[in-house]
Amino acid sequence: MRVKFDGEKDYELSAAKAYEADKETEIAPQDRPILHLTPRVGWMNDPNGFSRYQGEYHLFYQYHPYSTNWGPMHWGHAVSSDLLTWEHRPVAMAPDEDYDYAGCFSGSAIELDDGRQLLMYTGVQREYKEDGSIGDVQVQCLAFGDGTDYVKYEKNPVLSAKDLPQGASRVDFRDPKIWRGSDGIYRCAVGSRPEDGSGQTLLYTSEDAIHWTYKKVLALNGNRIGKMWECPDFFVLDGKGILMTSPQDMEAVGLEYRAGNGSICVIGNYDEAMDEFVEESNQAVDYGIDFYAHQTVLTEDGRRVMIGWMQNWDTCGVRNPNQKWYGQMSIPREISLKNGRLMQEPIAELKQHRRDKISYENVLIDGTLRLDGIEGRYADIEVELSAADAEHIYHSVELRFAENERHYSSVGFKPYEKILTIDRRYSGVCRSVMNRSECYAGSEDGTIRLRLILDRNSIEVFADGGEKVMTMTFYTEEDAKGISFVSDGKVNMNITKYVLEK
Ligand code: FRU
């Protein structure tokens with residue numbers, strides 16, 4: 001039964017619906033990015049319930065409408081037919097039951113055979129611990145809906161402490177991701193913390209998606225990559241089993257895993273009949289600054305599309321304090337495997353939003369260069385860089401964007417180290433947190449291919465055909481829309497730029 005703590009408020013779905021409908025009118029369309037989903041009002045974190053339902057894509061999200069900071073979690077909701085232009089639907093869930101009053105945490109969605117849409121999410125409750133402090137307890141819950149309105153299951157929770165394997169934590173038990181196997185069995189991966197204090201992914205199965213049974217530990221961190229593994233997603237891609245998950249408390253390992261909260265992908269062999277997943281390799285998903293809690297959906301034509309929360313828990317102080325929304329989703333990315341590595345590219349539908357093509361071929365960058373028509377904060381840019389003099393390979397090249405007299409951000413490449421860098425130190429940021437990130441890409445002969453997606457407050461860099469991706473948000477003033485090229489040495493460039501439009 002619910003224990004009420006000092007200062008705790010009651011939340012109601014009807015109040016949240018009225019609040020967001022009223023307050024969203026205070027946010028002008030030009031105060032948002034055009035193709036990246038932002039919260040209707042207030043705060044957004046993880047993508048939830050990214051799925052197809054009755055011919056449309058649904059994307060729910062961790063949502064606190066009442067401020068631009070994290071607070072008791074609701075589920076925001078939006079729908080789209082092309083995964084790029086989103087229409088907000090009313091908030092789907094509020095933390096209004098005894099089993100979820102401290103938050104409706106992350107989860108997933110699926111269409112049931114009877115036509116209903118099922119949401120599976122983590123309910124958070126609070127309790128007094130032995131030492132008198134207050135702690136969370138997490139359970140898994142269901143809600144049923146028609147694509148707009150949702151009703152929580154009267155027998156919630158459907159998974160609780162009694163369904164945990166020996167030693168697993170009641171505090172860190174969250175983010176159920178549901179899917180249906182080729183055998184018709186529903187499966188669900190849930191993030192968990194075993195006795196060793198690190199992370200693991202638990203597998204549950206069900207005949208009807210309502211009654212669930214613990215099956216096994218699907219994957220174990222064993223204190224290798226961060227601690228708790230949040231937000232699991234599991235699927236088969238190009239014949240391999242893929243576990244996407246978001247570790248907390250990572251230590252940097254070379255340029256592969258940076259410190260903090262990160263996005264990883266574990267690749268292995270999956271035997272569905274035995275539900276056996278044997279890890280072969282693991283890698284970072286995004287090598288930039290802002291990408292977390294990624295989730296995927298299978299499109300009608302069979303593409304696996306991934307979206308992530310385009311922020312970073314460690315750097316949430318990097319923001320525009322005057323903005324009435326905080327948090328946004330990445331561009332949806334089609335993913336595949338090539339030579340055992342995860343490949344990503346912006347969803348094909350993005351090309352339909354390109355206008356006003358401008359191309360330059362074989363331009364020389366030797367110092368600082370600006371090109372007519374190459375500017376803007378809403379752009380899809382393809383760049384090929386190479387050494388203009390093969391005998392004297394250039395030392396470095398930088399593409400600066402969101403630039404004015406005071407500020408800029410950049411993507412830089414140093415061939416002799418094969419290092420690609422993303423940098424927002426001069427974007428106007430006032431916080432001393434990670435503002436720069438690096439990864440290996442390109443070739444030491446000076447060749448590198450990049451695709452850059454700019455949408456007002458973010459850049460996503462796809463390098464080497466999507467083998468390396470770096471994502472970063474920045475909150476530079478809107479009139480900073482210059483783009484320039486700066487080199488140390490002689491660089492040859494082919495560039496094509498499009499304006500992105502809704
Ligand atoms: C990941 C996460 C989830 C949790 C949610 C709470 O970003 O911590 O594990 O369900 O955010 O908002």
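Holding the Cα-Cα limit at 32 Å, pick out from 240/490; 414/497; 351/481; 227/338; 357/418; 418/497 the pairs that are longer than that.
Flagged as over cut-off: 240/490.
Please work out whether region 222-315 counts as rounded, prolate or oblate from its C-alpha gyration tensor, where a ≥ b ≥ c are the square roots of the eigenvalues and a/c under 1.5 means rounded, while otherwise a/b larger than b/c means prolate and anything else oblate? Verdict is oblate for region 222-315. Listed by chain and number, the lysines whose C-alpha is less than 27 Å from the C-alpha of residue 155, apart from same-chain residues fewer than 8 away, are 4, 9, 17, 129, 177, 215, 216. Taken over the alpha carbons of region 369-412 as equal point scatterers, the Debye sum produces base-10 log I(q)/I(0) values at 0.14, 0.16, 0.26 Å⁻¹ of -0.44, -0.56, -1.13. Mean sequence separation of contacting Cα pairs (under 8 Å, at least six apart), scaled by the length of region 298-423, corresponds to a relative contact order of 13 percent. Within the accessible surface of the chain, defined with a 1.4 Å probe on protein heavy atoms only, the carbon and sulfur portion equals 46 percent. Contact order for region 257-307, expressed relative to its length and based on alpha carbon pairs under 8 Å spaced 6+ residues apart, stands at 31 percent. Take every Cα pair under 8 Å whose residues are at least 6 apart in sequence, average their separation, divide by the length of the chain, and the relative contact order is 12 percent.
With a cut-off of 10 Å between beta carbons, the residues surrounding residue 381 carry a summed charge of 0, where Lys and Arg count +1 and Asp and Glu -1.
The 3J(HN,Hα) values that the Karplus relation (6.51, -1.76, 1.60; θ = phi - 60°) gives for region 224-240 are, in residue order, 8, 10, x, 10, 4, 9, 8, 6, x, 9, 10, 6, 9, 9, 6, x, 10 Hz. Gly and Pro appear as x. Dipole check for the chain: with +1 at the C-beta of Lys and Arg, -1 at the C-beta of Asp and Glu, and the Cα centre as origin, the magnitude is about 500 Debye.
With a cut-off of 11 Å on the backbone N, the residues of region 366-404 near the modelled label site 7 Å out from residue 360 along Cα-Cβ are 366, 368-375. Remark: the chain carries 39 Å² of accessible area per residue (probe radius 1.4 Å; ligands, DNA and RNA excluded).
Solvent-free Debye calculation, one equal scatterer per alpha-carbon of region 295-426: log10 I(q)/I(0) at 0.18 Å⁻¹ equals -1.41.
When Rg is the radius of gyration of the Cα atoms in the chain and Rh is its Kirkwood radius, what does Rg/Rh come to?
For the chain, the value is 0.97.
Note the angle between two axes, namely the Cα long axis of helix 13-23 and the longest principal axis of the Cα atoms of the chain, as a number of degrees from 0 to 90, rounded to the nearest 10. It works out to around 30 degrees. From the Cα gyration tensor of region 12-96, with a ≥ b ≥ c the square roots of its eigenvalues, which class applies: rounded if a/c is under 1.5, or else prolate if a/b is larger than b/c, or else oblate? Taking the square roots of the gyration eigenvalues as a ≥ b ≥ c, region 12-96 is oblate.
Note on residue 369 and residue 391: their simple-model spin labels are 2.1 nm apart, each label 7 Å out from Cα toward Cβ.
Along the chain, the exposed loop sites are chymotrypsin sites (Phe, Trp or Tyr not before Pro) outside DSSP states H, G, I, E and B with at most 14 other Cβ atoms within 10 Å, and the longest stretch free of them is 6-415. Computing FRET efficiency as 1/(1 + (r/R0)^6) for residue 384 and residue 183, where r is the C-beta to C-beta distance and R0 is 60 Å, gives about 0.85.
The values are calculated or read from the model by the stated rules, or taken from the named source; none is laboratory data. Not measured: the values here are computed from a predicted model. Counting neighbours? That spans all protein chains shown, and the Cβs are built from the backbone with ideal geometry, glycine included. Only protein heavy atoms, including side chains, enter the accessible area calculation; ligands, DNA and RNA are left aside. Shrake-Rupley method; radii C 1.70, N 1.55, O 1.52, S 1.80 Å.
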